[in-house]
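Novice: The following block contains the structure, expressed as structure tokens.
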Amino acid sequence: MRIAQAGLACAALAIALAGCRDARERQPQPEPAPSDTAPATPAPEDTPISIIRPDIAPEASPAPEPEPLEAVVPFAGGGHALDEAAEAALNDVLASPQLAEGWPIILRGHTDSAGDDQANLRASRRRATAVADWLVAHGVDRQRITLIALGEQRPVAPNAHLDGTPDEEGRAKNRRVTVTIAPAADSEDTGPDTKAEKTSSS
């Protein structure tokens, strides 16, 4: 008798559970959210990930300062008139970034060893003055320019052969004006054997 009652109770419980399960299956299920169903699109492997904000532009690095300029204006034919080679050298100076920096300009005039010392000093100064006048005529501020007359003191080539005869090729190289354009701290030393002077406005 007890076994029969237990069997009936189990059967009733099974029927009740089945009814609950059927009720749950009949209830409408909520639609999944789009974010739950849409698969995430992976970024391509070769696409770099930037951490820089697009509205902030990176600062440009300042351009490096140019090195001081050393140039030679030749006066191979003698005298102090500017020939084609001299003007070509000066055009390169005029286009240089050093000139555009506004740095001081030192013009050192040189001669060969022909003639006496004082005459050579005067000739070297006339050559430096001719170069200064050309630069000023092409827009350079005369106050930037310093002239130094060196005469025959600083040759770059022999003035004579070993047998004592004139070395004309060497002498032609010594007739020149050297142009130095550098920051003020680099151009102040003019040497103990020179006499520097600022050019005048005349």
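The values are calculated or read from the model by the stated rules, or taken from the named source; none is laboratory data. Bear in mind the structure is a predicted one, so any value in this text is a computation, not a measurement. Positions of Cβ are generated from backbone atoms using ideal geometry, with glycine treated the same way; all protein chains shown enter the neighbour counts.
Novice: Hey, can you tell me all the residues within the range 105-134 that are out of contact with any strand residue (DSSP E or B) (no Cβ under 8 Å at 6 or more places or on another chain) and in contact (Cβ under 8 Å) with a residue 60 or more places away in the chain?
Specialist: THR111, ASP112 - these are the residues of the range 105-134 that are out of contact with any strand residue (DSSP E or B) (no Cβ under 8 Å at 6 or more places or on another chain) and in contact (Cβ under 8 Å) with a residue 60 or more places away in the chain.
Novice: So, in the range 62-89, exactly how many residues are among the acidic types (Asp, Glu) and in a helix (DSSP H, G or I)?
Specialist: Final tally of qualifying residues: 2.
Novice: Given the criterion surrounded by 21 or more Cβ atoms within 10 Å (Cβ to Cβ), farther than 18 Å from LEU94 by Cβ and of a type in the set (Asp, Glu), identify the matching residue among GLU152, GLU168.
Specialist: After applying the criteria, what remains is GLU152.
Novice: Would a scan of the range 130-138 turn up a residue that is surrounded by 16 or more Cβ atoms within 10 Å (Cβ to Cβ), at negative phi and over 30 Å from the mean Cα position of the chain (by Cα)?
Specialist: Within the range 130-138, one or more residues are surrounded by 16 or more Cβ atoms within 10 Å (Cβ to Cβ), at negative phi and over 30 Å from the mean Cα position of the chain (by Cα).
Novice: Does ALA85 satisfy the criteria of being under 26 Å from GLU67 (Cβ atoms), surrounded by fewer than 15 Cβ atoms within 10 Å (Cβ to Cβ) and modelled with pLDDT under 95?
Specialist: Answer is no for this residue.
Conditions (1) touching a Lys or Arg at 6+ places or on another chain (Cβ under 6 Å); (2) within 11 Å of HIS110 (Cβ to Cβ); (3) modelled with pLDDT of 95 or more; (4) of a type outside the set (Lys, Arg), marked per residue:
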| position | (1), (2), (3), (4) |
| --- | --- |
| PRO155 | no, yes, yes, yes |
| PRO158 | no, no, yes, yes |
| LYS173 | no, yes, yes, no |
| THR180 | no, no, yes, yes |
| ALA184 | no, no, no, yes |
| ASP189 | no, no, no, yes |
| ASP193 | no, no, no, yes |
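Novice: Further, regarding this structure: Filter the range 136-165 for residues that are of a type in the set (S, T, N, Q) and in contact (Cβ under 8 Å) with a residue 12 or more places away in the chain and give the result.
Specialist: GLN143, THR146, GLN153, ASN159, listed by residue number.
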